[in-house]
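A.B. asks: My questions all concern the structure below.
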Amino acid sequence: MAEVSANGVRLHVQRLTPADGADPAAPIVVTLHGMLIDNLSSFYFTLGTYLAHAGCDVVCYDLRGHGRSEPAADGYDMANALADLAGLLDALEISRPVHLVGNSYGATLALAFGLAHPERVASLTLVEPPFLIDGLGEQMERSLGQVLAAASHSDVERWVATQAGRSVSRAMATTQRLLKETTIQRDMLATPSFEPAALATLAVPVLAVYGGNSDLIDQAEGLASLLPDCVLVVLRGHTHAVLREATEHLRALTRWWLLDRASAPMPVYTPPPGAGFTVPDWVRDKTVPADLLSGPAGARSA
Amino acid sequence: MTTLDTATRPDLERSVLAEVTTMIHDVVGQEYAEDLDITMDTTFQDDIDLESIEFVALADKIRLSYGSSVDLVGFLATMDVDDVIALSVGDVVRLIADGVSGISGISHPADAARG
């Protein structure tokens, strides 16, 4: 397991290259995963190995407290997250601008890093970033509070103890540890506002991807309209989990964005039939599914 | 890594299976490993219930042990995520055995299943 020390915290890193090694001029791709239940594996198995096999030099890392990185007690605010990434690039002696590819909150971090360090960024691929000019931190803090309440519900704890398998139980334990034993929830309140003037002058090309059925879809146009060089792709019939739901298309889309954009048209997407993927009410409301212990959710995981 | 130059294929796979089994034990921890009977047919998801980040750790151990002779990145890159989830220990053992034997090209378990 590769580990680096960055900004005073130990980070787990996986660097993926083609079998014969990356070309010295190959795009360097750095992935940023989402919060709580996520870790670097979500990118590793979807875009990481794929883009490395296509010729990129890919760096996947676990955010502090996630995956196999140090379970830090604090420092989950955005300023520290950006310092962690800058420290990671320094530790890996990466001086060329990198292509950041983020998912969910990792995409929000990627955008913030691009604004703070545009000279270190060649492009941004933002998959489902939560984005508000003001109040994002407060919204995130409330959202994490709802997740904590749901994860601590007696039905959920009983389900984890009796019906959930090993991997689900371990993921739940990580989520609960982050919410109960670290400052991650209140650190969200330190999220600074995005400055429209800074967004308007961001000299970094941005690929923004949202699912048409995502609960964040109303934020997509606002983000794209504030950026001077943004390609917005809305994938109809997909949710906030579009990275997992539409992996094959995101592989083709990011390969085009990183390697073929100058010479080829953007890949065309065929949406799933009908309404496609939708968000269950209990996910949108961050509550406990009513049939957790007796219905399909429990039965599926038993 | 065992010296495998003169091993027959069944010997080679047995040897690699033993090494991969040790790696899996290291990844999941000895306490859980004691209850696992790992064979070529053992699946990572249904039988071991390996976390995806643990599969990454296993892949890292394979890379460190076998180096560039095993193109795990290429193997995983062209598979559906669902195919990766459904992998068996034997799929990985055969990939390694192919690599250390110098067999070029990547054959996917999903392709074999599709006939």
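The values are calculated or read from the model by the stated rules, or taken from the named source; none is laboratory data. Bear in mind the structure is a predicted one, so any value in this text is a computation, not a measurement. Quick reminder, even Gly has a Cβ in these numbers, built from the backbone with ideal geometry, and neighbours come from all protein chains shown. The protein model used for the area step is the full one, side chains on, heavy atoms only, and it has no ligands, DNA or RNA in it. Shrake-Rupley method; radii C 1.70, N 1.55, O 1.52, S 1.80 Å.
A.B. asks: Which residue pairs have Cβ atoms under 9 Å apart, sit 6 or more places apart or on different chains, and have a first residue in segment A:28-43 that is over 16 Å from A:Leu144 (Cβ atoms) and a second that is assigned to a loop (DSSP other than H, G, I, E, B) and of a type in the set (Val, Ile, Thr)?
C.D. replies: Every condition considered, the pairs that remain are A:Ile28/A:Ile94; A:Val30/A:Ile94.
A.B. asks: Checking A:Gly21 against (1) modelled with pLDDT of 95 or more; (2) within 12 Å of chain B (Cβ to nearest Cβ), only one condition comes out false. Which one?
C.D. replies: (1)
A.B. asks: A follow-up question, please. Quick one: which helices (runs of 4 or more DSSP H) sit completely within segment A:220-300 and have at least 2 residues that are open to solvent by 70 Å² or more (accessible area, probe 1.4 Å)?
C.D. replies: Numbers: elements: A:220-226, A:242-245, A:247-255, A:281-284.
Here the list reads A:220-226, A:247-255, A:281-284.
A.B. asks: Ok, one more. Residues that are more than 12 Å from chain A (Cβ to nearest Cβ): list the helices (runs of 4 or more DSSP H) wholly contained in segment B:51-101 that include at least 2 such residues.
C.D. replies: Of the helices (runs of 4 or more DSSP H) lying wholly inside segment B:51-101, those with at least 2 residues that are more than 12 Å from chain A (Cβ to nearest Cβ) span B:52-66, B:89-101.
A.B. asks: Name every residue in segment A:28-50 that is open to solvent by 10 Å² or more (accessible area, probe 1.4 Å), in contact with a Gly (Cβ under 8 Å, 6 or more places away or on another chain) and either over 30 Å from A:Lys180 (Cα atoms) or in a loop (DSSP other than H, G, I, E, B) (or both), in order of residue number.
C.D. replies: A:Met35, A:Asp38, A:Asn39
A.B. asks: Among the listed residues A:His53, A:His12, which satisfies the condition of being within 13 Å of another protein chain (Cβ to nearest Cβ) and open to solvent by less than 10 Å² (accessible area, probe 1.4 Å)?
C.D. replies: Of A:His53, A:His12, the one residue that is within 13 Å of another protein chain (Cβ to nearest Cβ) and open to solvent by less than 10 Å² (accessible area, probe 1.4 Å) is A:His12.
A.B. asks: Inside segment A:196-219, can you point out the residues that are open to solvent by 40 Å² or more (accessible area, probe 1.4 Å) and in contact (Cβ under 8 Å) with a residue 40 or more places away in the chain? Walk me through how you get there before you give the answer.
C.D. replies: To start, the set of residues in segment A:196-219 that are open to solvent by 40 Å² or more (accessible area, probe 1.4 Å) comprises A:196-198, A:200-201, A:203, A:213, A:215, A:217-218.
The answer is A:Pro196, A:Ala198, A:Ala203, A:Asn213, A:Asp215.
A.B. asks: Every residue in segment A:140-189 that is among the acidic types (Asp, Glu) and touching a residue at least 40 places away in the same chain (Cβ under 8 Å), please.
C.D. replies: We begin by selecting, within segment A:140-189, every residue among the acidic types (Asp, Glu); these are A:141, A:155, A:157, A:181, A:187.
Residues satisfying the conditions are A:Glu141, A:Asp155, A:Glu181, A:Asp187.
A.B. asks: Hey, another quick one. It is to be established whether one or more residues within segment A:91-102 are buried (at least 20 other Cβ atoms within 10 Å of the Cβ), within 10 Å of another protein chain (Cβ to nearest Cβ) and in contact with a Cys (Cβ under 9 Å, 6 or more places away or on another chain).
C.D. replies: No - not one qualifying residue is present in segment A:91-102.
A.B. asks: Here's another thing I want to ask about it. Anything in segment A:203-219 that is assigned to a loop (DSSP other than H, G, I, E, B) and closer than 18 Å to A:Arg261 by Cβ? List them, or say none.
C.D. replies: Within segment A:203-219, A:Ala203, A:Val204, A:Pro205 meet the criteria.
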